[in-house]
Structure formats: structure tokens, C-alpha cells
Amino acid sequence: MLITQDQLIKLELPSMNELHDEEIALITQLYTVAKNNETELAHKLLNELIEHTAKHFAHEEKLMQEAEVPNLPMHQHDHAKQLMDIQSMRSFFEMTNDTQAVAAYMHDSLTPWIIEHVENYDNYTSEFLTDQA
């Protein structure tokens with residue numbers, strides 16, 4: 001197993017938890033097909049992950065801008081860096097069709113990043129937004 005919902009802290013803002021749950025389901029599905037060398041489906045799911053992640057980040061950042069969350073620039077930078085990393089993985093995968101590299105990226109890079117990001121950035125944001133409500 002790669003990552004489960006119980007590995008992430010539950011945030012005070014339910015909409016953020018829902019986005020994380022959706023993302024974890026997509027990551028788990030992509031990891032499984034990549035480990036099973038299902039190249040075409042891995043391409044499809046990697047594109048879906050990038051689209052979902054971009055929408056997820058845009059939603060969070062909009063909420064943060066509206067509430068004037070103090071750490072918005074740092075949070076945005078962390079989002080931008082991670083989205084670029086996922087897009088770089090897609091570019092590599094498009095050139096190589098190396099499903100095992102995708103699986104390794106999901107396990108060794110993306111999963112630890114998500115756990116850390118939720119604990120360090122999203123938790124603060126969720127508390128700030130909840131306090132402002």
C-alpha cells in the first residue's frame with residue numbers, strides 16, 4: 001500500500017479533506033497500474049492526477065487569497081514546485097514508458113511530500129480559514 005487517508009491528519013475544513021481523499025484514491029490507482037506495468041492506463045491516470053492536482057491547488061489558493069492567509073506565498077511556492085515535479089515525471093514517462101519509475105516517484109517523492117505538506121501547510125491554512133469563518 002502506498003498511502004491511505006489515515007496517514008494524513010484530518011483538517012478542520014472538510015472540503016480540504018475531501019480533496020485529499022480524492023487525490024489519495026487517484027495516487028493509489030496510478031501506483032497500482034504503474035507497478036503492474038499497465039503503460040496506457042498509467043499515462044491516462046498521470047494526466048488525471050496532474051489535472052486534479054492543478055484544480056486542487058487553485059481551489060486552495062483561491063480560498064487563501066480571499067481570506068488573506070499570511071503564508072500564501074510560501075504555500076503557493078510549495079504547490080508550484082510539486083506540480084512542476086509531477087509534470088516533469090510525466091515528461092520523463094512520455095519519453096521512456098518506464099512505469100516502474102512512475103511507481104518509484106509516487107512512493108519515494110510524492111507520498112512523503114503530501115504527508116509533509118498537509119501537516120505543515122494545509123493544517124495551518126485549514127485552522128486559519130476555520131477561525132475566520
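Just so it is clear, none of the values below were taken in a lab; they were calculated from the coordinates. These numbers come from a predicted model, not from an experiment. Cβ coordinates were reconstructed from backbone atoms using ideal geometry, including for glycine residues, and neighbour counts include every protein chain displayed.
What is the residue count in the stretch 1-55 for residues that are out of contact with any Ser or Thr (no Cβ under 6 Å at 6 or more places or on another chain), small (Gly, Ala, Ser) and more than 13 Å from residue 114 (Cβ to Cβ)?
Adding up the residues that qualify gives 2.
When the stretch 42-59 is examined, which residues are found to be over 10 Å from the mean Cα position of the chain (by Cα) and either outside any helix (DSSP H, G or I) or loosely packed, with under 15 Cβ neighbours inside 10 Å (or both)?
Those that are over 10 Å from the mean Cα position of the chain (by Cα) and either outside any helix (DSSP H, G or I) or loosely packed, with under 15 Cβ neighbours inside 10 Å (or both): 44, 47, 48, 51, 55, 58, 59.
Can you find a residue that is in a helix (DSSP H, G or I) and buried (at least 18 other Cβ atoms within 10 Å of the Cβ) anywhere in the stretch 33-41?
Yes: the stretch 33-41 contains one or more residues that are in a helix (DSSP H, G or I) and buried (at least 18 other Cβ atoms within 10 Å of the Cβ).
Do we find a residue being outside any helix (DSSP H, G or I), of a type outside the set (Asp, Glu) and exposed (fewer than 15 other Cβ atoms within 10 Å of the Cβ) anywhere in the stretch 84-97?
Within the stretch 84-97, one or more residues are outside any helix (DSSP H, G or I), of a type outside the set (Asp, Glu) and exposed (fewer than 15 other Cβ atoms within 10 Å of the Cβ).
So residue 64 fits all but one of (1) surrounded by 13 or more Cβ atoms within 10 Å (Cβ to Cβ); (2) more than 12 Å from the chain's Cα centre (by Cα); (3) farther than 30 Å from residue 133 by Cβ; (4) not polar (S, T, N, Q); what number is the exception?
(3)
Could you check how many residues of the stretch 67-88 are among the charged types (D, E, K, R) and over 12 Å from the mean Cα position of the chain (by Cα)?
Qualifying residue count, the stretch 67-88: 1.
Whether any residue in the stretch 62-82 is touching a residue at least 24 places away in the same chain (Cβ under 8 Å), on the phi > 0 side of the Ramachandran plot and outside any helix (DSSP H, G or I) is what I want to check.
Looking through the stretch 62-82, none of the residues is touching a residue at least 24 places away in the same chain (Cβ under 8 Å), on the phi > 0 side of the Ramachandran plot and outside any helix (DSSP H, G or I).
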